[in-house]
Amino acid sequence: MQAVTAMRLRLRDYAMLMRWHRPIGALLLLWPTLWALWIAGAGRPSPIVVIVFVAGVFVMRSAGCVINDFADRDFDPHVKRTRGRPIASGRVTPREAIVLFIVLCVAGLALVMLLNALTVALAFIGAFLAASYPFTKRFTHLPQLYLGLAFGWGIPMAFAAETGAVPVAAWVLLGANIFWSVAYDTEYAMVDRDDDARIGVKSTAILFGRWDRALVAASHVLTILFLAWGGALAGRGLLYYAGLAVAAAIAAYQQTLIWTRERDRCFSAFMNNNYFGAAVYIGLLLDYYR
C-alpha cells in the first residue's frame with residue numbers, strides 16, 4: 001500500500017511538472033495552431049492532421065514546462081509564485097526532469113512522423129525553439145518575442161502539413177502570434193517583476209517599465225492587425241472580422257485588469273487571453289461554416 005501511495009505521489013509530481021493542472025499554457029499554444037489549421041485547410045482540415053496537432057500541442061507544451069523548470073531550478077526557489085514547483089521544492093530531481101523531457105520529445109516526434117517530410121523538418125526547428133526558450137531570459141529582456149516564435153511554430157507546421165508549403169499567410173499569422181505572446185506574457189511577467197528584478201531574470205515587464213500597459217496594448221493592436229491581414233490573404237469575410245472585434249474588446253478589458261499593476265489582476269489578465277484566442281477561432285469557424 002505504501003508503494004502504491006508513493007507511486008501515486010510521484011505521478012502527481014510529474015503531472016504538476018508538466019502543468020497538467022494548469023492547462024492555460026496549452027490553450028494559448030492550441031488557439032493559433034487551430035487558426036492555422038483551419039485557414040490552411042480552407043475550413044476543412046484533415047481530421048488526422050488535426051488530431052496529430054492537438055495531441056502534439058499538449059505533448060510539447062508538457063515538454064516545454066519540464067525543460068523550463070529544469071532551466072529555472074536555481075531561480076524558482078526565490079520567487080513567491082514558483083517556489084512550490086516540483087524541482088524547486090526537491091520533489092523531482094533534475095535528472096528525472098531530463099528523462100521526462102526526452103520521453104515527451106520522443107512522443108512528439110512519433111506524432112509528427114505521421115505527417116509529410118516538410119512538417120517533420122519544421123518540427124525539429126520547433127523542438128529547438130521550445131528547448132532553448134527557457135534560457136533566453138538570462139540573456140535578453142525580450143524572451144517574450146522568442147516565446148511567440150516557439151509557441152507559434154505550429155503555424156508554419158500546420159500549413160506544411162495541410163498544403164505541403166508555407167505561404168505568406170503562415171508567416172503573417174506567425175507574426176500575429178509573436179505580438180500576442182508579447183502582450184500576454186508581459187502581463188504574466190508583471191506578476192513576478194519584483195522577484196525577477198531581484199534575482200536577475202530578464203523580461204519585457206522589466207524592460208518596458210512604466211510603459212508596460214501601453215506596450216501591452218500596442219502588442220494587442222498589432223496582433224489584431226496581423227490577424228486581419230492574414231484573414232484578407234485567406235479571403236475571410238465579415239464573421240471572421242467580427243471575431244477579431246470581440247478579441248479587441250477582450251484586450252481592452254485586460255487593460256482595466258492591469259491598470260493598477262496588482263499581481264493577482266495581472267495574472268487574471270494573462271488568463272483572460274484564453275478568451276481572446278477563442279474569439280478569433282470562433283469567428284473563423286462561423287465565417288467558414290456560415
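The values are calculated or read from the model by the stated rules, or taken from the named source; none is laboratory data. Fair warning: this is a prediction, and the values are worked out from it, not measured in the lab. Every residue, glycine among them, receives a Cβ derived from its backbone with ideal geometry; neighbour counts consider all protein chains shown.
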Checking residue 192 against (1) touching a residue at least 24 places away in the same chain (Cβ under 8 Å); (2) acidic (Asp, Glu); (3) surrounded by fewer than 20 Cβ atoms within 10 Å (Cβ to Cβ), which test does it fail? (3)
Condition first: surrounded by 17 or more Cβ atoms within 10 Å (Cβ to Cβ), charged (D, E, K, R) and more than 20 Å from residue 79 (Cα to Cα). Now tell me which residues in segment 195-238 satisfy that. 212, 213, 236
Log entry, pairs with first residue in segment 19-36 being at positive phi, second being surrounded by fewer than 22 Cβ atoms within 10 Å (Cβ to Cβ), beta carbons closer than 7 Å, six or more apart or on different chains, reads 19/25
For the condition of a type in the set (D, E, K, R), closer than 23 Å to residue 137 by Cα and in a helix (DSSP H, G or I), what is the one hit in 213, 261? 213
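A quick yes/no check of all residues on (1) within 20 Å of residue 174 (Cβ to Cβ); (2) modelled with pLDDT of 85 or more; (3) touching a helix residue (DSSP H, G or I) at 6+ places or on another chain (Cβ under 6 Å):
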residue: 72; (1), (2), (3): no, no, no
residue: 88; (1), (2), (3): no, yes, yes
residue: 110; (1), (2), (3): no, yes, no
residue: 116; (1), (2), (3): yes, yes, no
residue: 138; (1), (2), (3): no, no, no
residue: 150; (1), (2), (3): yes, yes, yes
residue: 155; (1), (2), (3): yes, yes, yes
residue: 158; (1), (2), (3): yes, yes, yes
residue: 161; (1), (2), (3): yes, yes, yes
Counted residues in segment 26-57 being crowded, with 19+ Cβ neighbours inside 10 Å and either farther than 16 Å from residue 162 by Cβ or under 17 Å from the mean Cα position of the chain (by Cα) (or both) come to 14
Going through segment 112-128 one residue at a time, which ones are outside any loop (DSSP other than H, G, I, E, B) and surrounded by 17 or more Cβ atoms within 10 Å (Cβ to Cβ)? 112, 118, 119, 122, 123, 126, 127
Restricted to segment 249-270, and to residues that are surrounded by 18 or more Cβ atoms within 10 Å (Cβ to Cβ) and among the hydrophobic types (A, V, I, L, M, F, W, C), which residue is farthest from residue 205 (Cα to Cα)? 250
